[in-house]
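The values are calculated or read from the model by the stated rules, or taken from the named source; none is laboratory data. These numbers were taken from a predicted model, which means no experiment stands behind them. Note that each Cβ is placed from the backbone with ideal geometry, even for glycine, and that neighbours are counted across all protein chains shown.
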Amino acid sequence: MVQDGVPALPGGRVLLVIGGGIAAYKCLELIRRLKERGIQVRCVLTEAAREFVTPLSVAALSVEKVYGDLFSLTDEAEMGHIRLSREADLVVVAPATANLLAKMAHGLADDLASTVLLATDKPVLVAPAMNQMMWGHPATQRNLALLQADGVATVGPNAGDMACGETGSGRMAEPAEILAAILARLGRPGGAPAGGLAGLRALVTSGPTREAIDPVRFIMNHSSGKQGHAIAGELARLGAEVTLVSGPVTLPDPPGVAVVRVETAREMLAACQAALPVDVAVCAAAVADWRPEEAPTQKIKKEAGAPPPSIRLVENPDILRTLAADGPQRPRLVVGFAAETEQVVAHAAAKLRRKNCDWILANDVAPGSGTFGGDRNAVTLLRRDAEPQSWPAGSKVEVARRLVGLIAAEFGRG
Ligand code: C5P
């Protein structure tokens, strides 16, 4: 089926949390449009939402069971609330009422909707809808800022006439707008034209560097490049213009990204400087701190009876520190990583200051953490003027999504 010129594609799962606002009726249209595109839609209705739309209409349009009761024995037996929160690619809250936003911002979980929102490990998109005074209230704006800092994306609200008779900002985005925001986040055609980050220039470093000892030997580390590549891919998926400077990795190039392949730290620095100016730089590469002072052009020979050669090391340039140094070319946002094996947050906080970056993602690479080379990552975000934020352990793609969501919010594109 083709609707609005967009072909239906199979796959994609949305968990739609419908809040109790007059705009809830627009969700029926949203469900219909999502289904037309082959997207699975499971719905959770708050108690208040049931005053505005009936579970029967939602079930009929979604062709799925509708959930609403946290303490339903039959629901829990068939589909526990944790599973419900995880078996989706995207969680959408529409209408996101002032009350729901407040509960989300403060981690309340007193019904199925708020519990699912607290339990989910998936990206969350909210479509706020409320009276203009409620929307403009400092409490709502504070809650919104907290949610955006947590990586929650927003669509709308729009300005206009409201059901209550007042005029102002607070009308829920139209189903077509919410649909576009969902499709963009699911990486589907028909999403926001070039993604919400169109026009943003980004530089990402990824992978290890390889420092020659001689023509056949080198110093390297275990970095796989998975985290940096996932960040570059996610930025590009949302429309940013991305240069990825990568050390030697075995990963495929992320789609839509300009990849510059390098070996050494000095080559990586030169490639990064050639990519400037950019709006945001994310340094995820595991750059070798030192390199052999000399790398003979001939293989170092093992002579019988001779002592093993000693390798004198010299310091490599610090790419992150160089990019983050104050000056006309400094990207507006510079993000670093801090791989630590102990006192992770304390060491990362010191690094944030020392390297003059804006954000740093601290990750625990202690033996057994499985982070280096693995698919998962557990990070704590440190920013200059905010409390550290520990993210739930997730895949490197999930970490990338969350980080890029925050970058989008930072540039007013969330
Ligand atoms: O000092 P440390 O290596 O722990 O710092 C990690 C952060 O600094 C990462 O973001 C890494 O990409 C960056 N870095 C760099 N150039 C170096 C060393 C680290 O860009 N020579």
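Could you please let me know if Ala236 is of a type in the set (A, V, I, L, M), surrounded by fewer than 24 Cβ atoms within 10 Å (Cβ to Cβ) and in a strand (DSSP E or B)? No: the conditions fail for Ala236.
Being of a type in the set (S, T, N, Q) and part of a strand (DSSP E or B) is a description that does not apply to Asn356. Among the residues making up the stretch 307-317, those that are within 13 Å of the ligand (Cβ to nearest atom) and either part of a loop (DSSP other than H, G, I, E, B) or polar (S, T, N, Q) (or both) are Asn316, Pro317.
Residues in the stretch 232-252 that are closer than 30 Å to Pro292 by Cβ and touching a helix residue (DSSP H, G or I) at 6+ places or on another chain (Cβ under 8 Å): Thr243, Leu244, Val245, Ser246, Gly247, Val249, Leu251.
State which residue is nearest to the ligand (Cβ to nearest atom) when the search covers only the stretch 323-354 and only residues that are surrounded by fewer than 19 Cβ atoms within 10 Å (Cβ to Cβ), in contact (Cβ under 8 Å) with a residue 24 or more places away in the chain and farther than 24 Å from Val278 by Cα. The qualifying residue nearest to the ligand (Cβ to nearest atom) is Glu340. Residue count for the stretch 374-392, restricted to those that are among the small types (Gly, Ala, Ser), at pLDDT 80 or above and not in a strand (DSSP E or B): 1.
Does Val124 satisfy the condition of being assigned by TED's automatic domain parsing to the domain that holds Asp161 and in contact with a Ser or Thr (Cβ under 7 Å, 6 or more places away or on another chain)? Spelling it out, it is not the case that Val124 is assigned by TED's automatic domain parsing to the domain that holds Asp161 and in contact with a Ser or Thr (Cβ under 7 Å, 6 or more places away or on another chain).
Taking the stretch 137-167 as the range and being touching a strand residue (DSSP E or B) at 6+ places or on another chain (Cβ under 8 Å) and more than 18 Å from Ala409 (Cα to Cα) as the test, the residues that pass are Ala159, Gly160, Asp161, Met162, Thr167. Filtered by the rule that a residue be outside any loop (DSSP other than H, G, I, E, B) and either without any contact (Cβ under 8 Å) to a residue 24 or more places away in the chain or crowded, with 20+ Cβ neighbours inside 10 Å (or both), the stretch 119-139 gives Val124, Leu125, Val126, Ala127, Pro128, Trp135, Pro138. Contact annotation: residue pairs with Cβ atoms under 6 Å, 6 or more positions apart or on different chains, pairing a residue in the stretch 286-306 that is assigned by TED's automatic domain parsing to the domain that holds Pro317 and among the β-branched types (Val, Ile, Thr) with a partner that is in a loop (DSSP other than H, G, I, E, B) and within 16 Å of the ligand (Cβ to nearest atom), are Val287/Thr209. For the stretch 251-299, a residue qualifies if it is within 16 Å of the ligand (Cβ to nearest atom) and either in a helix (DSSP H, G or I) or in contact with a His (Cβ under 6 Å, 6 or more places away or on another chain) (or both), and the qualifying residues are Ala265, Arg266, Glu267, Met268, Leu269, Ala270, Ala271, Cys272, Gln273, Ala274, Ala275.
What do you reckon, is Leu320 within 9 Å of the ligand (Cβ to nearest atom), assigned by TED's automatic domain parsing to the domain that holds Cys272, surrounded by 14 or more Cβ atoms within 10 Å (Cβ to Cβ) and not small (Gly, Ala, Ser)? Yes, satisfied.
Determine if the stretch 212-227 includes at least one residue that is in a loop (DSSP other than H, G, I, E, B), in contact (Cβ under 8 Å) with a residue 40 or more places away in the chain and among the acidic types (Asp, Glu). Within the stretch 212-227 (the criterion being in a loop (DSSP other than H, G, I, E, B), in contact (Cβ under 8 Å) with a residue 40 or more places away in the chain and among the acidic types (Asp, Glu)), the answer is yes, since at least one residue qualifies. Examine the stretch 177-186 for a residue that is closer than 30 Å to Ala129 by Cβ, at pLDDT below 90 and outside any helix (DSSP H, G or I), and state whether such a residue exists. The answer is yes, given that some residue of the stretch 177-186 is closer than 30 Å to Ala129 by Cβ, at pLDDT below 90 and outside any helix (DSSP H, G or I). For Asp214, are the conditions met, namely being among the acidic types (Asp, Glu) and surrounded by 17 or more Cβ atoms within 10 Å (Cβ to Cβ)? For Asp214, the condition - among the acidic types (Asp, Glu) and surrounded by 17 or more Cβ atoms within 10 Å (Cβ to Cβ) - is met.
Only residues that are within 20 Å of Ile182 (Cα to Cα), assigned to a helix (DSSP H, G or I) and among the hydrophobic types (A, V, I, L, M, F, W, C) were counted in the stretch 71-117, giving 7.
Gln148 meets the conditions (1) more than 16 Å from the chain's Cα centre (by Cα); (2) assigned by TED's automatic domain parsing to the domain that holds Arg86; (3) surrounded by fewer than 21 Cβ atoms within 10 Å (Cβ to Cβ) in every case but one. The failed one is (1).
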